[in-house]
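The values are calculated or read from the model by the stated rules, or taken from the named source; none is laboratory data. Remember, predicted model here, so these are calculated numbers, not experimental data. Here Cβ is always computed from backbone atoms with ideal geometry, including for glycine, and neighbour counts include all displayed protein chains.
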Amino acid sequence: MKLTGTSAIVTGGASGLGGATAEALSKEGVKVAIWDLQEDKGNSHAEKLGGIFCKVDVSSEDSVAAALAETVSAHGTPSILVNCAGIGTAEKTFGKNGAHNLDHYKRVINVNLIGTFNCIRLVAAEMDKNEPQDHGERGVIINTASVAAYDGQIGQAAYSASKGGVVGMTLPIARDLMSIGVRCCTIAPGIFWTPMMAGMDQKVQDALAAMVPFPKRLGDPAEYASMALEICRNSYMNGETIRLDGAIRMQPR
């Protein structure tokens, strides 16, 4: 896909993996819309990149539809959607505090899985209006899963289920959208340096980094962004989930 002059949406684009991806796309001449709930960070990042910010709850049909209309009005029909919005929880199926809170489980599924699909279905319908590039390509969708989809740790039942769902729907969505020339891939990151990680104790950070076979460090959000750009550019990449994790395989705890 030719990137310069196209329009992109990055959910969770105010910071972390999404923030780095929004910046990388902008540097390639892409008009970027940041969809996030963090207004201060989102507006600041969008201003820095010359893009726009929309306050969005990805799990809400009305919220996503309104943001999509605003994005199209400002930047035209998007050619790129990167889904980075997500939340996590740590709660055992059953433990000293009793059974897993069902509302907590539902919330993780609603944001990470249903929210991702909600953005995909509405943005794909808009991508269908694009004039095709080479080989009939009208757009590309990149989702964010996690190595937890495969190696979920203790307390990650909700998070792993949500990310496993993202992995599981990647190929059928690619097949669904082949007729309109829209590709769909997923990145499954390992342990990356994000604002959430920055709030952890240094000993915890060091222990997590030591779990990575090579290189023995946390992932850099710029490395996620680099992978996202390659998926955009490489039009033969479709229907695949790519682990980006330094060869880590998570232990139970």
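If I filter the stretch 149-164 down to residues being surrounded by fewer than 21 Cβ atoms within 10 Å (Cβ to Cβ), among the small types (Gly, Ala, Ser) and closer than 16 Å to residue 190 by Cβ, which single residue comes out as modelled with the lowest pLDDT? Walk me through it before giving the result.
Initially, the stretch 149-164 is screened for residues surrounded by fewer than 21 Cβ atoms within 10 Å (Cβ to Cβ), giving 150-155, 157, 161, 164.
Now restrict to residues that are among the small types (Gly, Ala, Ser): 152, 155, 157, 161, 164.
After this cut, where a residue has to be closer than 16 Å to residue 190 by Cβ as well, the list is 152, 164.
Working: 152: 94, 164: 98.
Across the stretch 149-164, the extreme among qualifying residues is 152.
Residues in the stretch 1-34 that are under 28 Å from residue 135 (Cβ atoms) and either of a type in the set (A, V, I, L, M, F, W, C) or without any contact (Cβ under 8 Å) to a residue 12 or more places away in the chain (or both): how many?
Number satisfying all stated conditions: 12.
So, residue 82, is that one among the β-branched types (Val, Ile, Thr), in contact (Cβ under 8 Å) with a residue 60 or more places away in the chain and surrounded by 19 or more Cβ atoms within 10 Å (Cβ to Cβ) or not?
Numbers: among the β-branched types (Val, Ile, Thr): yes; in contact (Cβ under 8 Å) with a residue 60 or more places away in the chain: yes; surrounded by 19 or more Cβ atoms within 10 Å (Cβ to Cβ): yes.
It is true that residue 82 is among the β-branched types (Val, Ile, Thr), in contact (Cβ under 8 Å) with a residue 60 or more places away in the chain and surrounded by 19 or more Cβ atoms within 10 Å (Cβ to Cβ).
Out of curiosity, is residue 77 polar (S, T, N, Q), in contact with an Asp or Glu (Cβ under 9 Å, 6 or more places away or on another chain) and in contact (Cβ under 8 Å) with a residue 12 or more places away in the chain?
Details: polar (S, T, N, Q): yes; in contact with an Asp or Glu (Cβ under 9 Å, 6 or more places away or on another chain): yes; in contact (Cβ under 8 Å) with a residue 12 or more places away in the chain: yes.
Answer is yes for this residue.
State which residue pairs qualify: first residue touching a residue at least 60 places away in the same chain (Cβ under 8 Å) and inside the stretch 58-69, second residue surrounded by fewer than 18 Cβ atoms within 10 Å (Cβ to Cβ) in any location, beta carbons under 8 Å apart, and separation of 6 or more residues or different chains.
Between residues of the stretch 58-69 that are touching a residue at least 60 places away in the same chain (Cβ under 8 Å) and residues that are surrounded by fewer than 18 Cβ atoms within 10 Å (Cβ to Cβ), the close pairs are 61/122.
In the list 204, 212, which residue meets the criterion of being out of contact with any helix residue (DSSP H, G or I) (no Cβ under 8 Å at 6 or more places or on another chain) and in a helix (DSSP H, G or I)?
Values: 212 fails: in a helix (DSSP H, G or I).
After ruling out the rest, the residue left standing is 204.
Just to verify a result, which residue in the stretch 125-139, among those that are in a helix (DSSP H, G or I) and at pLDDT 95 or above, is farthest from residue 99 (Cα to Cα)?
The residue in question is 136.
Please list, ordered by first then second residue, the pairs with beta carbon atoms under 7 Å, 6 or more apart or interchain, first in the stretch 158-185 and without any contact (Cβ under 8 Å) to a residue 24 or more places away in the chain, second crowded, with 18+ Cβ neighbours inside 10 Å and not in a helix (DSSP H, G or I).
The qualifying pairs are 160/152.
I'd like to verify a number: residues in the stretch 1-52 that are within 16 Å of residue 232 (Cα to Cα), among the basic types (Lys, Arg) and surrounded by fewer than 16 Cβ atoms within 10 Å (Cβ to Cβ), how many?
2
Looking at 227, 200, 196, 211 in this structure, which one is surrounded by fewer than 22 Cβ atoms within 10 Å (Cβ to Cβ) and under 17 Å from residue 86 (Cα atoms)?
Exactly one of 227, 200, 196, 211 is surrounded by fewer than 22 Cβ atoms within 10 Å (Cβ to Cβ) and under 17 Å from residue 86 (Cα atoms), namely 196.
Which of the residues that make up the stretch 143-158 are in a helix (DSSP H, G or I) and out of contact with any helix residue (DSSP H, G or I) (no Cβ under 7 Å at 6 or more places or on another chain)? Write out each step before concluding.
Taking the stretch 143-158 first, the residues in a helix (DSSP H, G or I) are 148-151, 157-158.
If the condition is that a residue be in a helix (DSSP H, G or I) and out of contact with any helix residue (DSSP H, G or I) (no Cβ under 7 Å at 6 or more places or on another chain), then 150, 151, 157 are the ones that fit.
So that you can scan it fast, the table gives a plain yes or no per residue for (1) in contact with a Ser or Thr (Cβ under 7 Å, 6 or more places away or on another chain); (2) in a helix (DSSP H, G or I):
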| residue | (1), (2) |
| --- | --- |
| 64 | no, yes |
| 70 | no, yes |
| 78 | yes, no |
| 111 | yes, yes |
| 115 | yes, yes |
| 122 | no, yes |
| 141 | no, no |
| 160 | no, yes |
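Take residue 63 and tell me if it is at pLDDT 95 or above, of a type in the set (S, T, N, Q), within 19 Å of residue 223 (Cβ to Cβ) and surrounded by fewer than 21 Cβ atoms within 10 Å (Cβ to Cβ).
Values: at pLDDT 95 or above: yes; of a type in the set (S, T, N, Q): yes; within 19 Å of residue 223 (Cβ to Cβ): no; surrounded by fewer than 21 Cβ atoms within 10 Å (Cβ to Cβ): yes.
No, not satisfied.
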